[in-house]
Amino acid sequence: MKNVLFALIDSSDKKFYLRYREKLNQIHSILLGKAGDCIVAGGLDSYISENKFSDLKSLYEFIAEKSQGRDVIICDAFAGMLSMDDTGRVLNYMRENDYDVCLTENLPEGLAAMCISGSFIEEFALHIEPNQKIVSSFKDIINWEYKGIDVGVYLSPSMLIMDRIEFLPVSRSSVDYILKYSSDESISTDSDFLRIDNAFYRDAPQYAAIEISSESDGFCTRELGAGEMDTGAFRKLITEIDELCPEALISIGVWGDPFTHSRFKDIFNILKAIPNPVLVECRSIFLSMEYVELVLSRENTQIIFDVSFTAEDMFKKHKKSPYTLEYTKNFLKSIPNKENVWIRLTRTPANEGSIKYFLKEYSEFMPRILITKADSFAGQKVVDLAPVKRHACYALRRELTIMNDGTVLLCRQSLETLGNIKNHSLKNLWDANKESFIKQSRKDFDTCRECASCDDWWIWN
């Protein structure tokens with residue numbers, strides 16, 4: 001590529017980098033070999049760059065100074081699988097149409113880069129607000145719509161994004177995957193590289209849903225074994241998660257409300273020993289500001305309250321909460337910091353007609369609202385929203401569901417079980433599900449009783 005400067009941005013998490021330092025350095029070296037004329041820059045705690053900056057604006061001012069009128073190709077410093085063919089297409093598309101900036105659509109981040117024209121890079125730096133955190137994902141760093149920037153979007157004919165494979169190292173799985181394939185100099189969306197080895201990528205779960213209490217609301221459509229997970233079993237489970245999948249999101253609460261656990265504080269404090277992102281899913285049948293404050297005191301943690309209704313009579317009839325809807329709303333309004341709090345509507349025939357009212361009412365005091373599907377049981381689903389063309393189930397590739405008695409399910413939508421954490425290691429239970437996923441990768445979608453008719457195979461938790 002002529003007359004270009006590659007800007008490789010290091011915004012990696014310090015803990016993540018230290019855990020995978022050797023492999024990440026190998027990936028970075030491979031990218032350096034591809035990029036040619038480049039600069040490496042990052043935040044003040046970057047381990048791989050001498051060019052360190054306190055914020056994004058100063059970093060881009062540095063890039064503008066170094067570019068000297070050349071077009072700039074922006075990518076993550078660990079984008080080892082950067083496709084030079086596809087990046088070249090984005091660059092040419094920008095040049096042919098005289099765009100200021102050019103992005104790509106239909107391709108995952110890390111496979112093709114963002115481009116900024118040499119005549120615009122200096123002005124681009126002026127558009128960035130001061131004190132923004134340094135990131136290597138650049139689609140959201142400025143307000144594209146109102147800043148008068150002429151943005152082009154290269155629409156790749158490939159739909160590789162549908163495979164949901166991560167081409168930036170954000171987990172152990174992605175680090176190993178990138179390291180395995182990044183030395184292939186022919187990486188391109190029109191090459192054999194696209195025959196992705198999904199089974200290889202499934203070496204560890206990325207989402208672990210744990211039910212710690214069986215006490216639930218009227219929206220629970222599954223038969224649950226009564227009881228709660230004891231703290232010893234939970235501690236063993238979390239230890240194994242930390243070993244098997246140290247970046248997996250841990251969701252506490254599948255059908256049961258975690259706040260109803262008699263030792264919730266002890267259970268939650270176990271999570272403070274690990275860095276994983278945590279999601280606490282509450283059914284709004286036990287409300288405690290003490291518990292909310294405990295949850296929000298942990299870094300990288302969010303909480304969901306399932307409310308689902310706007311009318312008092314419907315809330316009482318279907319939700320079966322001990323609180324009134326008005327009390328529940330006032331409780332949620334009183335949470336002081338709502339940055340990591342969500343309100344959820346679980347979509348069923350009972351509330352299908354009130355979705356727009358729900359959005360209007362709750363958006364007035366809660367910036368984050370979720371609309372989700374009900375699970376497969378008891379005929380509560382409203383409509384099949386699945387894509388027309390079926391692919392291997394995302395849940396079988398990346399999710400674990402563990403019940404309060406330690407039972408591990410084939411998946412959240414299935415009645416089949418894989419075993420129990422009391423008798424088997426988490427890794428063995430995860431590996432026991434691999435064959436089901438491989439069958440689906442081969443277009444065999446009858447891997448269990450529920451699979452053939454399931455419409456949740458595309459849901460990405």
(message) Net charge around residue 172, counting only other residues with Cβ within less than 10 Å of its Cβ (Lys, Arg = +1; Asp, Glu = -1)?
(response) -1
(request) Take the cross-link list 57/356; 66/147; 317/360; 333/356; 356/439; 236/333 and give me the ones stretching past 29 Å between alpha-carbons. (result) 57/356; 356/439; 236/333
(request) Go ahead and collect, in residue order, the members of the stretch 308-340 whose backbone nitrogen is under 11 Å from a label point 7 Å along the Cα-Cβ direction of residue 357. (result) 309-315
(message) If I model a spin label at residue 439 and residue 370 as a point 7 Å from the Cα along the Cα→Cβ vector, what separation in nanometres do I get?
(response) 3.0 nm
(message) Based only on Cα atoms, what mean projected area does the convex hull of the chain have, in nm²?
(response) 22.4 nm²
(request) Two decimals is fine: what is log10 I(q)/I(0) at q = 0.08, 0.10, 0.16, 0.21 Å⁻¹ for the stretch 84-227, from a Debye sum with one equal scatterer on every Cα and no solvent? (result) -0.36, -0.53, -0.95, -1.29
(message) I want to make sure I understand the PRE zone here: with the label point 7 angstrom from the Cα of residue 274 toward its beta carbon, which residues in the stretch 414-434 have backbone N atoms less than 13 Å away?
(response) 426-427
(request) Apply 1/(1 + (r/R0)^6) to the Cβ-Cβ distance of residue 313 and residue 132, taking R0 = 56 Å, and write down the FRET efficiency to the nearest 0.05. (result) 0.75
(request) Grab the Cα-Cα distance for residue 293 and residue 162, subtract it from 0.36 nm times how many residues apart they are, and report the gain in nm with one decimal. (result) 43.4 nm
(message) Using 0.36 nm times the number of residues separating residue 431 and residue 151, minus their current alpha carbon distance, what extension gain do you get?
(response) 96.3 nm
(message) Taking only the Cα atoms of the stretch 58-153, how large is their convex hull per residue, in Å³?
(response) 99 Å³
(request) Give the Kirkwood hydrodynamic radius (Å, one decimal) of the stretch 100-146, defined as one over the mean of 1/r across all pairs of different Cα atoms. (result) 12.0 Å
(message) Report, in listed order, any pair from 14/133; 15/52; 14/180 with a Cα-Cα distance greater than 20 Å.
(response) 14/180
(request) Please work out how much length the chain gains when fully extended from residue 15 to residue 222, using 0.36 nm per residue of separation minus the C-alpha to C-alpha distance, in nm with one decimal. (result) 70.6 nm
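FYI, it's all coordinate maths here, none of it is from the lab. As the structure is a prediction and not an experimental result, all values here were calculated from the model. FYI the Cβ positions are ideal-geometry reconstructions off the backbone, even for glycines, and counts take in every protein chain you see.
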